[in-house]
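Below is one structure, written out as structure tokens, with a few remarks after it.
The values are calculated or read from the model by the stated rules, or taken from the named source; none is laboratory data. Remember, predicted model here, so these are calculated numbers, not experimental data. Every residue, glycine among them, receives a Cβ derived from its backbone with ideal geometry; neighbour counts consider all protein chains shown. When the accessible area is computed, the model is the full protein with side chains, heavy atoms only, and any ligands, DNA or RNA have been set aside. Shrake-Rupley method; radii C 1.70, N 1.55, O 1.52, S 1.80 Å.
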Amino acid sequence: MSTTTPVRRQGSVAAILLAAAALAWAFLAWAVLNMGSPLARLMMPASAAWSVGTAAAVVLMWSVMMAAMMLPSAVPMILTFAQLAQRGGSRAATWAFAGAYVLAWAAFSAVAATVHWLLQTVGLVSPMMVSTNPALTAGLLFGAGVYQFTPLKSTCLTRCRSPLAFLMGEWRKGTGGAFVMGLRHGMYCIGCCWMLMVLLFVVGVMNLPLVAALALAVTLEKLAPKGEWIAKAIG
């Protein structure tokens, strides 16, 4: 019992995280297939005259999309944290860590939604959030490619690829400490992937195959062997 229970708990945590990601993908698919629904119209505003409800819906869309794209690649880090936290007898700490990670990406989503509104205001993106300006498209692609070779990208990717090293260097006690650690991991993850997420303004939020391709690229560079070289190849 004592040896199998931790394994079962690890499996439960992984199942919940992956189920949450699957639900997020299902929500995005629903939006694509039901673009005439009131919520889908709010998430893809036809003009820059956003209401409070429109802004909330766009932030929701970005947040769900970030959860869909980023949670699968965060599972190894969260499971490693859960294993260490359970040795101290804390289960709530695992969900504080995971919740803080999601919250960090929600904050990024609020910033992205603001950029979305600004670009739509000046007529540079369509309601589907696709760039309508060749110079903007070229600039985003070039910037994302260059960023893959920067020291900041390398530093953040190393932290994301080494769960045990990150946790040992950042360890804090208690549920509050777990929350801080989750936020810090989220910040490193944003530092690693934010330029790839900006490419959503190129592919568009309703182009789910290309959104999935970006998610796969993130997962490979964070989890696959020689992920650092994969990141450079993507660049």
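With respect to the conditions (1) closer than 26 Å to Phe27 by Cα; (2) assigned to a helix (DSSP H, G or I), Ala178 lacks only one, and its number is (1).
Among the residues of the stretch 82-102, is any more than 30 Å from Lys173 (Cα to Cα), of a type in the set (A, V, I, L, M, F, W, C) and open to solvent by less than 60 Å² (accessible area, probe 1.4 Å)? The answer is no, given that none of the residues of the stretch 82-102 is more than 30 Å from Lys173 (Cα to Cα), of a type in the set (A, V, I, L, M, F, W, C) and open to solvent by less than 60 Å² (accessible area, probe 1.4 Å).
Within the group Thr121, Thr150, Thr114, which residue is open to solvent by 40 Å² or more (accessible area, probe 1.4 Å), within 17 Å of Ile190 (Cα to Cα) and not aliphatic (A, V, I, L, M)? Can you show your working first?
Details: Thr121 fails: within 17 Å of Ile190 (Cα to Cα); Thr150 fails: open to solvent by 40 Å² or more (accessible area, probe 1.4 Å).
Thr114 is the lone residue from the list that is open to solvent by 40 Å² or more (accessible area, probe 1.4 Å), within 17 Å of Ile190 (Cα to Cα) and not aliphatic (A, V, I, L, M).
Could you tell me which of the residues Val198, Val202, Val180 is surrounded by fewer than 18 Cβ atoms within 10 Å (Cβ to Cβ) and more than 16 Å from the chain's Cα centre (by Cα)? Full working, then the answer.
On the way: Val198 fails: more than 16 Å from the chain's Cα centre (by Cα); Val202 fails: surrounded by fewer than 18 Cβ atoms within 10 Å (Cβ to Cβ).
Within the list Val198, Val202, Val180, the selection yields Val180.
Close contacts from the stretch 170-188, counting a first residue that is under 15 Å from Cys160 (Cα atoms) and a second that is open to solvent by 80 Å² or more (accessible area, probe 1.4 Å) and aliphatic (A, V, I, L, M), with Cβ to Cβ under 8 Å and a gap of 6+ residues or different chains, come to Gly182/Leu103; Leu183/Leu103; Gly186/Leu103. Listed here are the helices (runs of 4 or more DSSP H) enclosed by the stretch 74-171 that have at least 2 residues being within 18 Å of the chain's Cα centre (by Cα): 92-121, 134-147, 151-161. Here is a check on your reading of the model: is Lys222 crowded, with 20+ Cβ neighbours inside 10 Å and either modelled with pLDDT of 90 or more or out of contact with any Pro (no Cβ under 7 Å at 6 or more places or on another chain) (or both)? Spelling it out, Lys222 is indeed crowded, with 20+ Cβ neighbours inside 10 Å and either modelled with pLDDT of 90 or more or out of contact with any Pro (no Cβ under 7 Å at 6 or more places or on another chain) (or both).
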